[in-house]
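*Asks:* Structure provided below as structure tokens; questions to follow.
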Amino acid sequence: MQFNSHMDTALSEARLAAERGEVPVGAAIADAKGRLVAQAGNRMRELKDPTAHAEIAVIRAACDKLKTERLQGFSLYVTLEPCAMCAGAVAAARIARLYYGAADPKSGGVAHGAKVFTHPQCHHVPEIYDGISAEASENLLRQFFRDRRADKAKT
């Protein structure tokens, strides 16, 4: 099987999130054959829902499309290290592989902070690949927050 990254799709979703005024995080899920199944970006502000992170949205979309609560054998691509909530959802969905771009020392839950997958209570641990398109992911986030600070300075 040939590896086919869907990080470009996740980055596109992150850009769309930024255009909506959301923190630019995007995600995509692919099946075991590398076919794209679902994609989503942050929608917390739009939906007024603190759980509407890109990872949660894309997991829900994939599960709905496939009529299942488990995504065994699937891969999740996300532009930012998942927080503890999203890492928990990855484990609950039994996602096989997690690919993420930018590290999140402040709020991450995989390599930083809670390190969800290292806990004995975590019943499933995906293969983890970090730093995928990290520079592009980091640049999107930096620009978004730079623009927000500039907008606040104007008021």
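*Asks:* Hey, any hits in region 66-79 for a residue that's in a helix (DSSP H, G or I), open to solvent by 20 Å² or more (accessible area, probe 1.4 Å), out of contact with any Phe, Trp or Tyr (no Cβ under 7 Å at 6 or more places or on another chain) and under 17 Å from LEU36 (Cβ atoms)?
*Replies:* Looking through region 66-79, at least one residue is in a helix (DSSP H, G or I), open to solvent by 20 Å² or more (accessible area, probe 1.4 Å), out of contact with any Phe, Trp or Tyr (no Cβ under 7 Å at 6 or more places or on another chain) and under 17 Å from LEU36 (Cβ atoms).
*Asks:* Here's something else I'd like to know. When the residues of region 35-54 are narrowed to those that are free of Cβ contacts under 8 Å to residues at least 12 places away in the same chain and aliphatic (A, V, I, L, M), which ends up surrounded by the fewest Cβ atoms within 10 Å (Cβ to Cβ)?
*Replies:* LEU47
*Asks:* Is it the case that ALA32 is open to solvent by 30 Å² or more (accessible area, probe 1.4 Å), farther than 19 Å from ALA136 by Cα, in contact with a Gly (Cβ under 7 Å, 6 or more places away or on another chain) and among the small types (Gly, Ala, Ser)?
*Replies:* yes
*Asks:* Is it the case, given these coordinates, that GLU13 is under 20 Å from ARG146 (Cα atoms), acidic (Asp, Glu) and not in a loop (DSSP other than H, G, I, E, B)?
*Replies:* yes
*Asks:* Which of the following residues is of a type in the set (A, V, I, L, M, F, W, C), within 15 Å of the chain's Cα centre (by Cα) and at pLDDT 95 or above: ALA84, ALA114?
*Replies:* Matching residue, one of ALA84, ALA114: ALA84.
*Asks:* Moving on to the next point. What about VAL58, is it within 28 Å of ARG148 (Cβ to Cβ), part of a loop (DSSP other than H, G, I, E, B), in contact (Cβ under 8 Å) with a residue 24 or more places away in the chain and not small (Gly, Ala, Ser)?
*Replies:* no
*Asks:* While we're on this one: Quick check on region 80-98: of everything there that is open to solvent by 20 Å² or more (accessible area, probe 1.4 Å) and in contact with a helix residue (DSSP H, G or I) (Cβ under 9 Å, 6 or more places away or on another chain), which residue is farthest from GLU138 (Cα to Cα)?
*Replies:* It comes out as ALA92.
*Asks:* Condition first: farther than 24 Å from ARG20 by Cβ, open to solvent by 30 Å² or more (accessible area, probe 1.4 Å) and of a type in the set (Phe, Trp, Tyr). Can you find one or more residues in region 104-127 that meet it?
*Replies:* No: zero hits.
The values are calculated or read from the model by the stated rules, or taken from the named source; none is laboratory data. Please read these numbers as outputs of a predicted model, since none were measured by experiment. Don't worry about glycine lacking a Cβ; one is built from the backbone with ideal geometry, like all the others, and counts go over all protein chains shown. Accessible surface areas use protein heavy atoms only, side chains included; no ligands, DNA or RNA. Shrake-Rupley method; radii C 1.70, N 1.55, O 1.52, S 1.80 Å.
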